[in-house]
Structures are given as structure tokens and as C-alpha cells.
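Presented below is the structure to which this report refers.
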Amino acid sequence: QDTLIVWSEAENYDLALSFQEKAGCDEIWEKICQVQGKDPSVEVTQDLIESEEEHIEEMPETSPLIDLPTCELNKLEEIADLVTSVLSSPIRREKLALALENEGYIKKLLQLFQVCENLENTEGLHHLYEIIRGILFLNKATLFEVMFSDECIMDVVGCLEYDPSLAQPKRHREFLTKTAKFKEVIPITDSELRQKIHQTYRVQYIQDIILPTPSVFEENFLSTLTSFIFFNKVEIVSMLQEDEKFLSEVFAQLTDEATDDDKRCELGMDDLQVRSAATDIFSYLVEFSPSMVREFVMQEAQQSDDDILLINVVIEQMICDTDPELGGAVQLMGLLRTLIDPENMLATANKTEKSEFLNFFYNHCMHVLTAPLLANTSEDKCEKDAVVGSTKANTICPDNYQTAQLLALILELLTFCVEHHTYHIKNYIMNKDLLRRVLVLMNSKHTFLALCALRFMRRIIGLKDEFYNRYITKGNLFEPVINALLDNGTRYNLLNSAVIELFEFIRVEDIKSLIAHIVENFYNALESIEYVQTFKGLKTKYEQEKDRQNQKLNSVPSILRSNRFRRDARALEEDEEMWFNEDEEEEGEAVVPPVEKSKQEDDFPDSYEKFMETKKAKESEDKENLPKRTSAGGFKFTFSHSASAANGANGANSKSVAAQTSPASSNGSSSKNATLTTAVTATKGSLVGLVDYPDDEDDDEEEETSPRKRPRLGS
């Protein structure tokens, strides 16, 4: 069933596997069918019991199908068994519904109910409960018309009072006839309208109060009942709208200053009811035309402050839901997801609804949606306790269950954004460092919330976007995930499986930048995990890539591997380019333009010697603070010059030297005496100036220093 696999064990023991995505469901379904030797393309593979199979084979499709037992007290158990037995078969449900409809059987059953109640026949009343409940689950509008008629509905409610699982029957009829009062703020004279309102209220009561919450096996059994209620409400609204006097009288009383406060409250109902009704209306509008709602809110933004925008009011109502189970918040979150779903956005010749609305949403509404998340993961909100013998600070996030549920809802919506809004959500995550804040929730005592945080990161990594990958590695954002895995210990649970699946995905997809980061920084901690081969597999991938790089390097002629050749300013190496993208957090190639020369290159040696003096003086001052040079080097400034200048240089001129300042910073001559063609490369530590001469000397000695601050692009 799309994302469900259901089956029965024993007579009344039903089980289900529920999946978040259809693809995962299909994969498991195929494996189950493979083991059982069944065809996975068939939706129902359950073997029919022999007697039922024979019975169905004997019945032609066009026959009257099911012979109902006579409607007598001693047959109630047989009738109950028949009704409950057909629910698992769509064909037999249809056949039973036709039989009940054709023979006027329901009214006969309700007459038996009155007899059983008068005789206090508890066993018969329990059977009637099963029968009436089963008939409702047949999901047939024609049967509902009979059951919910004025003549029958109270007896139907009466049957549903005698639930066999309850010690005492409920008193639903007493509530509907004595407690519930029909209040007419404006008298309704149309008898048909009054009858329709009464019927709708009682049927809604049956659905919401009397019937238990349907299981995953029954959730589709009452879809027609939901439709029955919906169309009743449509009919009521239409009848009120067509009444020339009713609405004009309502608004006349609302605008009349003489109307007292009690009367106004009757018109307005209490806050919870108003909010519920408003949510229902908003739900119908979004389902009817999400584009219309989006157009309205974008027009509203031009005239109103962010605080009172409709979308932000909806988000605030979601955040402030007082229901412990957040029923209203779940409904509103679903509506928000519909509104921000690009799949139902229109593109016209003049404008694209997607770009316009998402620009609006991220500029005016996203900060409201993420406010609870950011507030509950801030340093002020979280406690940090140092662990004895550990360098890690334990961040303990709020453990309130309702707050955790709300954060899980927000994360679900943000995960949806990661999947469907590429550009906007990427900018937002990086600018707000949002993933770091989300991963604080990996420490929550509520496992469902930790899994939501992990799912958010998994969706990001699933995009295989190098901008995201650099953001994760630069921020060391695997650390909270690995800490959660290690803290989970040897427990084989959903958290353990989900974390391992994340790393297995990285291994299988061979995401090189992430593999290198994980192995280089965390392999020692993960090496002992041997019940899966994921981490050893990551190490193998890492070593294979290193071997490939070494082979590639060895295949380059030795003259090209040395530093004794000129390099064009634009000939950036791949890692250099990546570093600039990382540092500037912008797309595009990072290139420093060459400095223009203003004097003959022949004067370069004099300026260079002055530069050396300045450099040596600076070296002696900073020698104590020098960090180790990284393998990739630092900023490399390649000074090119004429052959005549090279020939006139002494032996020292062929050395590669370190520079923190320009060659003649001390005397103001700056770079006027040389042409500087600059290529920029980087790691996070050192600034190295390499001066290369195309002469015959073999002295390649290097000296180095590091600045306290790394210069930015163009400095």
C-alpha cells in the first residue's frame, strides 16, 4: 500500500511496516516476495484460507453474491462474523453493501437493537456494536443516508455505546439529547437547513468521539464518511448564503452598537473554536488554490509589517499550539508545506511564481519559522557540562516533550526545504550556520528529535553538493554525529542504524572530500567499530584515492614537479581554487589580477636586496610564533623578471624566500621596481613568497614565515 506493508498473524493480530518513502517500501516488499516465492507486482499476496477460496470461486461476479442470515436475535453472532470477515476484501465489502441496501436490512437490525436493550441482552448488544461499526467501515454513501436519517441515527449511536471492550456502556445519546444544545444566534426558519445542521453535528460526533481512531488498516475505511460530512457543510453554507435575510441580520447585529457583549460572544464563539474554524477555512483555501493564497500574501507584504503577515500568523499559531499533542500545529505545518512546495507553483511568460514566492518567504517568514529552533539551541539556553577526562562539552538541550515535538515539526519542514529549494535554503543554512545549531539536538534525550536532526543532515549530504560538503568539513560538523554514535554505545537501535547509513551513503557514493575529512579526523575513534565494514571501507577508499593522487604526481615529468618554472597568474591548482571558494563563500573562480609594472624590470635586484633585509629583520621578531607549514603551502607570490636582471643577480637571488610585506615596504619603493604576477594558493596557516629565477643554479633552499592574519582576496 504505497508506504505500508500489512499482514495478519492468527485471527485478530494485524501488523504493519510503515515507510517514509515509497522507494524504501518497494525494496523491502521485493525482498519479502523473493523469500516467499511470490510476485512483487501483485499487491495482495496473502494466501486465502481454503474454505474462503472455494466460496469465492463458487460465486460469479454478477450474482447477488452474499446471502444475509435472517434478522433474528439468535443470528446476531453469525451476522457480526459475516460483517467483520468481509472488511479485508474490497470485492466482498461491495457485495455485502449491495445486499444490505437492497433488503432494507439496517432498519431491521436497529429494531433488534431496541429489543435487546429492553431485554438487557448484553451479548446481543455487543454483537450489534460490531455489526454497526462494520457497516460504517463498508464506506458506502448509500448506507450512510439510511443510517444517518432522523429515523435511524439515534439508534445507530445507541448501538455504538455498547463497545465490548468497555466495562460500562457510554452515554452518547444522553449527551446529544440533553447536554448538547442547539443555539440559534439568528433564528433559522428553514426546516431543511435545521435538519441538515443537526445531522452534520451528530455525524461529526460519531466520527470524532464515538469511533476509535482508525488503525493503519482502517484509515481508508471512513473516507466516504469524511466526504459525507464535508458535503453536508458545503450544503449548509450554500443554504445560508442563499437566505436573503440571514446574513444581513448577522452583520446588522454585529455593527449595531446596542448589541451587548454576551450576544457578540455568541456570534464569535470562544477562541479555541474560532481558531479551529479559521484553520479549517484556511485549509480549504490552500487545498483549493495554493497559488491564490501565495498571491495574496505577496501583495500583503507590500502594505504590512512582517509580524502581521498571514504566513507569519500561521507560523505563530503553529508555534503557540497549546495542544499537548500539537494536533493544530501538525495541520498548519502541512498547509505551510503545500504553500512552499515548488511542485504546485506556476510559471508564466512574464514571471515565475517559484522565484517570487520563495524570495518573499525567505526574506519575510523564514526567520519566524526558525526562531524556536535557534532559541532552543543557543548557548544561553543550553547547559554545557565539562566531562571528566573528556575535551568535549556536553550540550544538553531542552527536554520539554512539547518543545521537542515542535522542533521536530520545524525540522521536518526545513528538511523539505533542503530537498525542494536548492538556492534559497543553501544560502540560509550557510549564513545562519543552521546545521551546527540543528546538530545540537543530537544530544536530546528524545530520540525522535535526535533522528530529525540527523535526517536534516542526511538530506543535505544526499545532495552531494560540494558547497555543502565544504561547509560541513570546515565547520567540523561530523563531530556531534560521531559523538552521538559513540555515546549510543553497543545499543542496536534506530539511531545507531541511521548514523551508520549516513556514513555508508558517503562510502558508496564515494564523496571524496567527506571521506578524507572523516578518515583524517575521526578514524581513530571509529576504528574499533567492526560489526559493520563501513568505516574500514571509508579508510580503504581514502587510501585508494591517495594512491591515485601519488601515481598521478609520479607521472608528471620531474622538471614540472619542481618550483623552477614560471607560472601564469591564472593557472590555479584545483585545491587552490577550492580554498578560495571556501574562504569567500561565493561561487566563481577566485583570481587576483596581476599588479601593473611601472618601471623597468632591470631595477629588480636592488629592490629585492632591500626586501631581503626587511624580511630578515621581521623573521627575527616573529620566529617564536611561526606555525608549521602545511603540505599545500600558503599564499604564493611568483615574481617574474627579465633575463638580464637574473643574470646580474648573485647566488642568493635564486633562493625562494618568505615574504610578509612587499619587497620595499620599508622605503616606500613598493613594487614599482618589479613586475609582480600573482597567483594565490592557500591553506589556513602561512604566507609564502616564492621568487623563481630561470637560471642554471641548483640552490632551491626555502625560508618561510607566517602572518598573524591571513590576507583576504585582493589584499
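Brief remarks on what is shown
- Phi angles across region 448-454 convert, under the Karplus curve 6.51 cos²θ - 1.76 cosθ + 1.60 with θ = phi - 60°, into 3J(HN,Hα) values of 4, 6, 4, 5, 4, 4, 5 Hz, Gly and Pro given as x.
- Probe 1.4 Å - accessible area at LEU15, Å² to nearest ten: 50
- Neighbourhood charge, 10 Å Cβ-Cβ cut-off, centred on PHE19 and excluding it, Lys, Arg +1 and Asp, Glu -1: -3
- Using θ = phi - 60° and Karplus 6.51 cos²θ - 1.76 cosθ + 1.60, couplings along region 359-365 (whole Hz; Gly, Pro as x): 4, 4, 5, 6, 7, 10, 10
- Length-normalised contact order for region 75-229 - Cα pairs under 8 Å, 6+ apart - percent: 24
- Stretching LEU310 away from THR352 to a fully extended chain increases their span by 13.0 nm, per 0.36 nm per residue minus the current alpha-carbon distance.
- Distance between modelled label sites at ASN488 and GLU235, nm, 7 Å Cα→Cβ extension: 5.3
- Amide H to amide H distances under 5 Å link ASP14 with GLU9, where only residues 5 or more positions off or on other chains count and H is placed in the peptide plane.
- Linear extension gain, ASP39 paired with GLN273, 0.36 nm per residue minus alpha-carbon span: 79.2 nm
- Each label was represented as a point 7 Å from its Cα along the Cα-to-Cβ direction; for LYS183 and GLU545 these points are 6.8 nm apart.
- For region 75-229, accessible area per residue (1.4 Å probe, heavy atoms of protein chains only), Å²: 50
- Model label sites at PHE296 and GLN253, defined 7 Å from Cα along the beta-carbon direction, differ in position by 2.6 nm.
- Vicinal HN-Hα couplings computed from phi for region 237-247 (Karplus, 6.51 cos²θ - 1.76 cosθ + 1.60; Hz; Gly/Pro x): 4, 4, 5, 5, 5, 7, 6, 5, 8, 4, 5
- With every protein chain in place and a 1.4 angstrom probe, the accessible-area ranking of THR255, THR70, largest first, reads THR255, THR70.
- Region 75-229 - charge dipole about Cα centre, Lys and Arg +1 at Cβ, Asp and Glu -1, debye rounded to 20: 320
- FRET E, pair ASN554, GLN207, Förster distance 60 Å, beta-carbon r, rounded to 0.05: 0.20
- For the pair THR226 and GLU244, the difference between a 0.36 nm per residue extended length and the Cα-Cα distance amounts to 3.5 nm.
The values are calculated or read from the model by the stated rules, or taken from the named source; none is laboratory data. Just so it is clear, the model here is predicted, and its values are computed rather than measured. Neighbour counts run over all protein chains shown; Cβ positions are idealised from the backbone, glycine included. Heads up: the accessible areas ignore ligands, DNA and RNA and are worked out on the full protein's heavy atoms, side chains in. Shrake-Rupley method; radii C 1.70, N 1.55, O 1.52, S 1.80 Å.
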